[in-house]
Structure formats: structure tokens, C-alpha cells
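Taking it in order: structure first as C-alpha cells, then the write-up.
The values are calculated or read from the model by the stated rules, or taken from the named source; none is laboratory data. In this text the structure is predicted, and so the values were computed from the model without any measurement. Here the Cβ is made from the backbone with ideal geometry for all residues, glycine too, and neighbour counts use every protein chain on show. For the accessible areas, the whole protein counts, side chains as well, though only heavy atoms, and no ligand, DNA or RNA atoms are used. Shrake-Rupley method; radii C 1.70, N 1.55, O 1.52, S 1.80 Å.
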Amino acid sequence: NWYFGDHAGIKFHPDGSVTALNDSAMSTPDGSAVLSDSSGQLLFYTNGITVYNKNHQVMPNGTGLIGGQDSNQAATIVKKPGSSNLYYIITIDSSLLYTVGLSYSVVDMSLNGGLGDVTVEKNIIITSGTRNYLSIVKQANNVDYWIITHMQSTNSYNVFSLNSSGISNTPIVSTLGLESYYDSEGFLKFSPKGDKLVMTGSNGSNFGQLFDFNNITGLLSNPLLLIYSPYDGVYGAEFSPNGEVLYFTGTENVRQFDLTASNIPNSVQTIFVTQTISALQIGPNSKIYIGRVYEDKLCVINNPNQLGLGCNITVDNIDLNNHDCIGSLPSFNQSFFFTP
């Protein structure tokens with residue numbers, strides 16, 4: 001179940017089909033996060049400020065989170081390792097404020113008759129001085145998580161470990177690649193394999209850069225600039241399920257890179273040209289969904305592991321029943337989407 005935009009939502013079915021949902025209680029101009037259980041039943045969702053349970057009611061203590069609904073990656077939800085009922089909502093504050101940074105709140109799903117409450121462990125600051133960038137992936141042990149954020153107006157990345165004891169106090173810091181502007185907009189995403197990281201943003205020109213990620217140590221290396229343009233915006237980013245193809249949305253296009261090529265920057269292909277496109281996000285059916293700004297339809301990359309036009313983009317494939325996408329699509333632990 002995905003909830004995003006102006007009361008928009010979609011449901012993924014076991015056969016891979018997708019239908020619109022009309023029951024969302026949430027309107028958010030940008031980021032959101034949703035979590036369902038292993039059988040696909042909705043647990044809860046949030047815009048980084050308010051938390052809604054599966055009945056689309058505000059959870060007790062579920063208001064006033066210090067994420068930012070106008071942040072591209074306002075929140076991501078993961079279960080606490082070793083727990084059956086505790087979930088972390090990791091939030092990043094508003095792209096208009098930048099005062100709080102990265103924080104977390106804990107939801108206990110054993111409370112309120114199984115509908116969940118936000119506990120007293122709420123709005124706990126992990127680090128300040130961040131930009132509105134957040135991504136999460138499983139560690140190499142397939143139990144714990146890495147949480148990464150980008151530090152404001154720098155080229156530094158802070159990585160925190162989440163394990164059964166909680167979130168580490170001391171970040172693993174990598175300083176490399178391009179610096180970003182104070183007001184840079186874009187996305188930070190791990191590959192589903194957990195071996196790559198991509199970032200989009202601006203520092204006078206718009207850029208998309210790729211890094212290797214060591215899933216054991218939490219360190220980044222080998223920055224590679226894929227796009228650098230003063231004219232063409234670079235916004236959304238997403239890896240294919242097999243981690244071998246990378247997609248970017250620009251001002252009016254979708255570009256594709258072959259990550260197995262000997263010269264990755266030169267492998268670029270423009271595979272789609274249109275207007276009002278925004279975020280990219282893999283779905284549980286291994287397709288990639290393309291948001292459309294203030295439009296009530298989504299485009300779909302049906303075969304994202306395939307290079308060139310074989311990836312098969314279908315335009316306005318998913319009808320949201322008069323509910324607009326606005327900006328972003330929900331953020332997830334990217335390991336959900338790894339298909340070997």
C-alpha cells in the first residue's frame with residue numbers, strides 16, 4: 001500500500017497489478033512513508049509530521065513529529081531489529097527550515113488494540129545540520145540497517161547503524177564527491193543490493209552522482225559524476241531491481257545509465273520525454289513508478305532491468321482517481337525491492 005500526494009494511494013496485488021486507493025487521510029506536498037505487514041495489510045503511514053493508523057485515524061501521540069512534509073524524503077519506516085512490535089519512523093525536517101535535522105520516533109504496534117501508538121520515545125534528534133536527504137538499506141548481516149543522510153552545504157555523508165540496541169550515536173562519515181547548495185533539492189537512494197548510492201541535487205549546476213557503498217563498513221567510495229548541467233534539472237533517481245541500471249528524472253525527461261558499462265557516463269540514453277515528471281520509486285512488483293507533478297496519473301517503467309526502449313515506459317498508466325501526486329512518492333527501506 002502506498003499513500004502520497006493529495007489523498008492519493010495505490011495498492012499492489014499478488015498478481016502484480018495495481019489499483020487506486022481512495023481512503024487516504026493524508027495530504028502532503030512531498031515526502032511520505034508507508035508500511036504494510038508481510039501479508040500486504042496496511043500498518044500505518046506518515047508525512048513526517050502526522051502518523052495515521054490502518055483505519056486512517058491519527059495515532060495517539062501521532063502529531064507534531066519533526067519531519068517535513070515538504071521535504072522530498074520526509075520519512076522512512078523500518079521495524080526495530082529483534083522486535084516484533086516496535087517500528088522506527090526516521091524523519092528529516094522541512095526543506096524550508098533545516099533547523100532540526102535527522103530524528104526518529106518509535107511506534108509500538110502492540111498498543112491501542114493493535115492499531116499502534118507513537119511512544120514517549122518521540123522526536124529524538126540523531127544529528128542536526130542535514131539537508132532533506134534520507135535513505136535506508138539492510139546491512140550485510142541482513143538484520144540491521146544503515147541510515148544515511150547528507151550534511152548541509154558540504155560533500156559529507158553521515159551513516160548511522162540501527163540494530164537491536166537502537167541507533168548509534170556516532171556516525172560513520174564519508175567526505176567525497178560534489179558539494180551541494182544550501183537549498184539543493186533532490187534524492188539520496190541506496191541500490192536494492194545495498195552496494196551503490198545515488199544523489200541528485202544542485203551546486204550551481206544540476207548533478208547526479210554515483211558512489212560505491214561498503215555494506216559492511218558503512219563507507220562510501222569512488223564518486224562518479226553522471227550528469228552535470230546548468231540547464232536541465234536533475235530530480236528523481238532510482239535503481240533497477242537487479243541494481244545494474246540507473247534512472248534519473250530531469251526537467252522534462254527520463255535518462256538511463258548502464259551500471260555494467262566500462263564507461264558509465266557515456267552509456268546514457270534518454271528514454272522518455274514529457275513534462276511534469278517528478279520522483280521515481282521501485283514497487284514490490286519490480287516496476288518503477290514515475291510521479292507527475294499535480295497530476296492524477298503515474299507513468300510506469302515496466303521492465304527496468306532492460307536497457308534502452310526495452311525498459312518499456314507506459315505513460316499515465318496508473319489512474320489515481322482524481323487524487324494528485326504533487327511531488328514525491330513514498331520512501332522505503334530499499335532492500336525491500338532487491339530481486340537477485
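With a 10 Å cut-off between alpha carbons and a GNM built on the chain, which of Ser39, Ser165, Ser103 moves the most? Among Ser39, Ser165, Ser103, the largest GNM mean-square fluctuation belongs to Ser39.
Multiplying the residue separation of Val143 and Asp316 by 0.36 nm and removing their Cα-Cα distance gives an extension gain of 58.6 nm. Along the axis of the charge dipole computed for the chain (Cβ charges of +1 for Lys and Arg, -1 for Asp and Glu, origin at the Cα centre), the listed residues Ala140, Tyr247, Gly113 are led at the positive end by Ala140. Relative to the 2.2 N^0.38 Å rule of thumb, region 1-147 has a C-alpha radius of gyration ratio of 1.00.
In the context of the full set of protein chains, the chain has a per residue accessible area of 36 Å² (1.4 Å probe). Placing dummy labels 7 Å off each Cα toward the beta-carbon, the span from Phe336 to Asn163 is 2.6 nm.
Three principal axis extents of region 85-170 based on alpha-carbon atoms, in descending order, are 45, 33, 17 Å.
Projecting the Cα atoms of Phe332, Tyr294, Asn305 onto the charge dipole of region 279-340, computed from C-beta unit charges around the Cα centre, puts Asn305 farthest toward the positive end. If you take all other residues with their beta carbon under 15 Å from the beta carbon of Leu246, and give Lys and Arg +1 and Asp and Glu -1, the sum is -1.
Each Lys and Arg contributes +1 and each Asp and Glu -1, all at the Cβ; summed about the Cα centre of the chain, the dipole is approximately 600 debye. Altogether, the Stokes-Einstein calculation at 4 °C and 1.567 mPa s, with the Kirkwood radius of region 241-311 over Cα pairs as Rh, returns a diffusion coefficient of 104 µm²/s.
How big is D for region 162-311, in µm² s⁻¹ as a whole number, if Stokes-Einstein is applied with the Kirkwood radius of its Cα pairs at 37 °C and 0.692 mPa s? Rounded to a whole number, D works out at 204 µm²/s. Quick one: Debye curve from the C-alpha atoms of region 273-320, no solvent, what's log10 I(q)/I(0) at q = 0.13, 0.17 Å⁻¹? Rounded to two decimals, the profile gives -0.26, -0.45.
What is the distance in Å between the Cα centres of region 160-177 and region 288-335? First find each Cα centre; the distance between them is then 31 Å. Expressed as a whole percent, the accessible area of region 142-197 that falls on carbon and sulfur atoms is 45 (1.4 Å probe).
Sequence-ordered 3J(HN,Hα) estimates for region 9-25 from the Karplus curve with 6.51, -1.76 and 1.60 and θ = phi - 60° stand at x, 9, 10, 9, 9, x, 7, x, 6, 9, 10, 6, 10, 10, 10, 5, 9 Hz, glycine and proline given as x. For region 175-192, 3J(HN,Hα) computed residue by residue from phi via the Karplus equation (6.51, -1.76, 1.60; θ = phi - 60°) reads 10, 5, x, 7, 6, 10, 5, 4, 9, 4, 10, x, 9, 10, 9, 6, 6, x Hz, glycine and proline entered as x.
Dipole check for region 172-327: with +1 at the C-beta of Lys and Arg, -1 at the C-beta of Asp and Glu, and the Cα centre as origin, the magnitude is about 340 Debye. Applying Stokes-Einstein at 4 °C and 1.567 mPa s to the Kirkwood radius of region 11-71, computed over alpha-carbon pairs, gives a translational diffusion coefficient of 104 µm² s⁻¹. When the Gaussian network model of the chain links Cα atoms closer than 10 Å, the mean-square fluctuations of Leu220, Leu280, Leu115 top out at Leu115. Eigen-decomposition of the gyration tensor built on the alpha-carbon atoms of the chain gives equivalent ellipsoid semi-axes of 28, 24, 19 angstrom, largest listed first. Distances between placed amide hydrogens fall under 5 Å for Gln152 paired with Thr130, Arg131, all partners being 5 or more residues away or on another chain.
Highest mobility in the GNM of the chain, judged by mean-square fluctuation with C-alpha springs under 10 Å and restricted to Asp15, Asp212, Asp258, is found for Asp15.
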